[in-house]
Structure formats: C-alpha cells, structure tokens
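Worksheet: one structure, shown below.
Quick note: the coordinates plus some simple rules give every number you see, no bench work behind them. This one's a predicted model, so the numbers in the text were calculated from it and none came from an experiment. Cβ atoms come from the backbone with ideal geometry, glycine included; neighbour counts cover every protein chain shown.
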Amino acid sequence: MHPHEPHSPPPTGSSPEHTGGQPEPTPSLDKGAPQPSPWASSGGYPAPEQPAFPPPTSPYPPVAPNQYAPGHYPPGGPPMPPQHRPRGLMPWDRPARHPWEIPLLVVVIMMTSVAYLLAVLFMLIALFADPIVDEHGVEQTGSLISSPYVLLLLFAPVLLWAGRGLNFATQRVNGVRMSPTQFPEGYRMVQEAAARFGMHRAPDAYVVLGNGQINAFAAGHGFRRYVAVYSDLFEIGGAAREPDALAFIIGHEVGHIAAGHVSYWRQLGMFVAPWLPLLGASLIRAQEYTADNHGYCFSPRGASGAMATLAAGKYLNTDVGVDEMADRAAIEKGGFIWLVNAMASHPVLTWRMWALRDRSRPGPMFWRPSPPHPGMIPPPGGYPLATTPRALPPKPV
C-alpha cells in the first residue's frame, strides 16, 4: 500500500466534521426537535423550521512538525454515507441533484451530437464530392472542412483528452499534494467528503498558488480525479483560516466528482455548451447548485462563511451579513438582473446564498426567489451590525 493511500474504511463508525475547535461528542443524526435556520442568528427572516443537524467538530489532534500523521482516518473510520436515506437538501440526506441538471444535460448532449454529425458530414462531402471550379476553370480550394469550427469538432475527442492530461500534469508538477504531512487538515476533509458521498476512492488534492484569488476546482484525466484548492484559502502553517468554510468548499469540489461532472464522456457530450447562448450556462449553473448541495451536506455550518468569503474576500468576510445579502435576491428586480444570472456560469451570489439558506426547495435557476411571508424583508428591527473581529493579514515571518 502506498503510504499516502487511505486504508479501507471500517464498516462502522462515523466522524463529525471540522471546526478547528476542541473535540466534542458526536451528536445523533436523528431528526429530533425542530431547530432554526443555521443562519437565523444573523437576523434575517426565519427560514422554515428544520430538524437538527450534527454540528461540525474536529476530533483530530494536531500533528507535530515533520511527523507522519497517526492514520489517515480518525479512530472509528470516516463518516459513512447515509445509504438508506433519500436524496435531499439536508445534511442527513444523500446530496440531491438539481432537478434542472439532467434535462438540460440531455438537450446539450443532443445538440452536441448534431454538431459532431454535421462536422463528419462536411468532412465526407469535402473528401468525396467533385471539386468545384469557377467560370474560368480554376478549382476552388476553400471548403467547409477548413473551417476552424469544423476542425475543432472533428478533433474534439483528442483535444479534450490532451487538455485534461496537460491540466492534471500541471498540478502534479507544480501543486503541493495534500497528504497526512502536507496540509493535513485539507487532506482529511477530502477523505471525509469522499466517504460521505459514498465514493470508492478519494480524489487526489492539491494546493496551488492563488495570488490573492479565492477559488477551487475539480477535474480528472483517465481514471484519476483530483481537486485543486487555491492557497489563499489557507493560512500560514497550512491550517485553514475558517475550517468550516474550507470544508464546504472542499465538499463542493468533491461533489462535482461524485456527481460525475468531470467525466471525460460527459465533458465530450457538453463540448459545444460554451457556444450555446443561455442553454450552456444554465446547465453549468445547475451543476453548481448540485455541487453546493454536496458541500452543504458535508459542512452545513460552513456555507455562510464560504459565501461571505466569495463575496468580500478572506479578510473582509466577517463584515458580510449573509442574511442581509441573501434577502436581496428577492428584492433586486429588473431585466438586466435576469440577464446577468442567465448568462452566468455560476449562480449569482445573492441567489446562491438564498438557496443555501432556504433548504426547502432547489436553488432558483431563472426567476428570482420570493419570500415565504410578505413584509419580512427587511426583518422587523433591521439587520444586526457585524460584531465579529475582522481577520488581519498574516504578518511576515
């Protein structure tokens, strides 16, 4: 067994999620007494009552420098996926796929297939048809097969395979691979997320230079799958600035892999999606909502921190009132608002925050959400002031 490969998970046992605090007893997953929205403390309108979910905890002792971690999984094994529970939007469910994803995927694959067939038809016509000559008897040299779009479609399988291979090779030679001794906190989150989603093998994980950008992505090549997290989501020493938010982001990216979004054949079937106005972007937005459902099921308490970080960055995220920003999804109106969302590959942040707060329905795709109770935006008494101390940049060492 390779020293960085996890051992086989034991059949029983579960592990809670990360917070970076002290170890706490693992709470039950029973659907007990109703609890308020996880964001209700920030003052937004109350979401529908929801059963309690287990608060993330961190059972792992710190790893001493230059020492190998005592096992890839905590005692008792990784968290096991809820095998007999339905797909849904809550942490105790199996993560749900957005209802628009598969219908849009079918339409995009059909249109991509038509484009491939037309490219092959143009190639056959150019190869077997008689040459075209003008009135002076000069043979015309231009043909449809020389069109860059036709050539792109004809070589799409090879170009996609090569691009995925180059992207993976870039991470392998330039990225810092997460392991029990390098970024162990992120490594364990990846392992736990893969186990939570029922994956047979955890993807590789890399930390890449962010240069101030807040981002992460998932991809694959061949039978390998991997996630890359930008370094600005970590602090000096490899620890997460906000472990819950990082766990949500990692759960989101591992969710892309678990949902099949990085499959070669799927991406080949979606090859023309960037050239399909509105339709291609809508499919990608639906996939992002699906990945958000995975991230929420893995780290529900990290959703607000992750969205605040995407909105204002890692130093000003504590100034963001997530309820106040999410409420604007229902009051910001206009045709340009609709157009900006329709053309975006990711859901606009206000709609995305709304979807992560209101877990009673899938995220809004085309029309802004409506509040369940009129007159609740803004809430009576207004929004509270941000009182959390602002995070300071790390000092040079």
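Measuring from label point to label point, each 7 Å out along Cα→Cβ, what is the residue 201 to residue 126 span in nm?
Those two pseudo-labels are separated by 3.9 nm.
Can you compute 3J(HN,Hα) from phi for each residue in the range 308-316, using the Karplus curve 6.51 cos²θ - 1.76 cosθ + 1.60 with θ = phi - 60°, rounded to whole Hz and x for Gly and Pro?
Karplus-based 3J(HN,Hα) across the range 308-316 equals 5, 5, 5, 7, 10, x, 7, 9, 10 Hz.
Take 170, 318, 350 and order them by how many other Cβ atoms sit within 10 Å, fewest up front. List each step's numbers first, then the result.
On the way: 170 13, 318 17, 350 23.
Fewest to most other Cβ atoms nearby, the residues stand as 170, 318, 350.
Can you compute the FRET efficiency between residue 106 and residue 149 using 1/(1 + (r/R0)^6), with r the Cβ-Cβ distance and R0 = 25 Å? Round to the nearest 0.05. Numbers along the way, then the final one.
Details: r = 23 Å, r/R0 = 0.92.
So, using R0 = 25 Å, E works out to roughly 0.60.
Within 10 Å of each residue's Cβ, count the other Cβ atoms and sort 122, 366 from fewest upward. Each step should come with its number before you reach the end.
Numbers: 122 19, 366 11.
Fewest-to-most Cβ neighbours within 10 Å comes out as 366, 122.
Going by C-beta contacts inside 10 Å, put 336, 217, 183 in order with the fewest on the left.
Numbers: 336 8, 217 15, 183 24.
Exposure proxy ranking, most exposed first: 336, 217, 183.
Hey, rough spin-label estimate for residue 209 and residue 340, points 7 angstrom out along Cα→Cβ, what's it come to in nanometres?
For the pair residue 209/residue 340, the computed spacing is 3.3 nm.
Classify the range 210-283: rounded, prolate or oblate, from the alpha-carbon gyration tensor (a ≥ b ≥ c, eigenvalue square roots; a/c under 1.5 rounded; otherwise prolate if a/b is larger than b/c)? All intermediate terms of the calculation are to be shown ahead of the outcome.
Numbers: a/c = 2.55, a/b = 1.89, b/c = 1.35.
Judged from the Cα gyration tensor, the range 210-283 comes out prolate (a/c at least 1.5, a/b above b/c).
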